[in-house]
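Asker: For reference, the structure I am asking about is given below.
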Amino acid sequence: MGDSEKVEKPAGSCERLGPCEVCGCTEAKYTCPRCEVKTCCLACVNIHKKELECDGARNKILFKPLSKFQNLDLLSDYRLLEDVTRSVQQIQRDPIKGGARFLPGYLQHLGRASRDRGMRLHFLPRRFQRARENSSRVIPCTPERLIYWRIEWLFPQAGVRLISDKVAETTRLVEALSPLLDPNSDETKDHREQLQYYFSAGTSGVCALMRVGEMEKHRYHLLDLDATIRGNLVRKSVVEFPSILIVLKDHKYSFDIYDSDAETEQWRGNWERDNTDCHEVKPKIRKNPAHTRNFFAGSDCSSDEGS
């Protein structure tokens, strides 16, 4: 009854509710469980919902002082906790929503290798399109344990998106970019008209940017074209695989460039704080051999020396 759209009062309580707060012509019969507006009929109920954008559902998390707390409020809170627990269990059983916690082995290797290199690599649920497109792999059997990245290249001045697969992390960024700025390469044969300005500028007339993070969508890192991909991804946040913006140098100043020199110390402090628990090696507690239990004999074999 408390969660219904309208609560009907007994006939003798109409005078206590007062006049309808919508039309003002008739004694009110109903009270909205959410906004407590007094109404007299269904037409007034619909009007108040439209004007106040009220859905008529009682606010289960509305604060109530302890002096006004009643048994019905306690029962309502208990039912709310039951609903939350039920929702969490449903999500955990859902293979789509709850399956993101269990990563396949090759992604676990990729995550550990990225962490060792000082990167923040984030994985999406496996049903997301970006997660399905991720073909980045790490080769654990080699001494170098190289990462071969899938790189997404975005050309905002041309509206073109290109993909490079299996790019070794030791490759310089300019070497990976050069085929995409060549009008005769197979990678650009379908976008030659849109990329004409990029072809004219060449690698010397463009700069590479990378988004700082999902929480700061309008700030970008300025990447070094002469550095390797591994060097450019240090202290960066990556979602599944790198997305790099290739911008003409004339349009560089229209982007909010991340001041890495001023904020490197702050980033390093946050990184060390977030990873202290992960890299901390807890000392192993050695059990006293004198306090071992003999399960075959069913007795405690502690000696006088160890006690």
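Asker: With each label point set 7 Å from Cα along the Cα-Cβ vector, what nm distance links residue 47 and residue 199?
Answerer: Inter-label distance under the simple model: 6.8 nm.
Asker: Hey, what's region 86-176 come to in accessible area per residue, 1.4 Å probe, Å²?
Answerer: 58 Å²
Asker: Under 5 Å between amide hydrogens, which residues at least 5 positions from residue 238 or on another chain qualify, with H placed 1.01 Å from N in the peptide plane?
Answerer: 120, 121, 122
Asker: For the pair residue 142 and residue 172, what calculated FRET efficiency results from E = 1/(1 + (r/R0)^6), where r is the Cβ-Cβ distance and R0 = 25 Å, to the nearest 0.05? Write out the running numbers ahead of the final one.
Answerer: On the way: r = 20 Å, r/R0 = 0.80.
Result of the calculation: an efficiency of 0.80.
Asker: Any idea what Rg and Dmax come out to for region 79-211 if you just take the C-alpha atoms, in Å?
Answerer: 20.0, 67
Asker: Obtain the radius of gyration and the Kirkwood radius of region 23-89 from its C-alpha atoms and give Rg over Rh. Intermediate values should be presented prior to the final figure.
Answerer: Working: Rg = 15.3 Å, Rh = 14.0 Å.
Using only Cα positions, Rg/Rh for region 23-89 is 1.09.
Asker: Under 14 Å from the Cβ of residue 186, count the other residues' Cβ atoms, weight Lys and Arg +1, Asp and Glu -1, and hand me the total.
Answerer: Charge balance near residue 186 sits at -2.
Asker: Mind listing the long-range amide H neighbours of residue 29? Cut-off is under 5 Å, sequence gap 5 or more, other chains count too, H placed in the peptide plane at 1.01 Å from N.
Answerer: Long-range HN contacts for residue 29: 39, 40.
Asker: Sticking with this structure for a sec: With labels modelled as points extended 7 Å from the Cα through the Cβ direction, what inter-label distance (nm, one decimal) is found for residue 72 paired with residue 255?
Answerer: Placing both labels 7 Å beyond Cα along the Cβ direction yields 5.9 nm.
Asker: Also, quick follow-up: Please give the FRET efficiency for residue 64 paired with residue 23, using the beta carbon to beta carbon distance and R0 = 35 Å, rounded to the nearest 0.05.
Answerer: 0.70
Asker: Can you work out the Karplus-derived ³J(HN,Hα) for every residue in region 35-41? Use 6.51 cos²θ - 1.76 cosθ + 1.60 with θ = phi - 60°, whole Hz, and x for glycine or proline.
Answerer: Computed from phi, the couplings for region 35-41 are 9, 6, 7, 8, 10, 10, 8 Hz.
Asker: Could you go through region 177-190 in sequence order and give the Karplus-derived ³J(HN,Hα) for each residue, using 6.51 cos²θ - 1.76 cosθ + 1.60 with θ = phi - 60°, rounded to whole Hz, and x for Gly and Pro?
Answerer: Result, ordered by residue: 7, 4, x, 7, 9, 9, x, 9, 7, 5, 5, 10, 5, 8 Hz.
Asker: Search the structure for amide H atoms under 5 Å from the amide H of residue 160, placed 1.01 Å from N in the peptide plane, and list their residues when 5 or more places away or on another chain.
Answerer: Those lying under 5 Å, H to H, from residue 160 are 155.
Asker: Cβ neighbours within 10 Å, averaged per peptide: list 60-73, 177-190 in order, most packed at the top.
Answerer: With the highest mean Cβ count within 10 Å placed first, the list reads 177-190, 60-73.
The values are calculated or read from the model by the stated rules, or taken from the named source; none is laboratory data. All values reported here derive from a predicted model rather than from experimental measurement. Using ideal geometry, Cβ is built from the backbone for each residue, glycine included, and neighbour counts are taken over all protein chains shown. Accessible surface areas use protein heavy atoms only, side chains included; no ligands, DNA or RNA. Shrake-Rupley method; radii C 1.70, N 1.55, O 1.52, S 1.80 Å.
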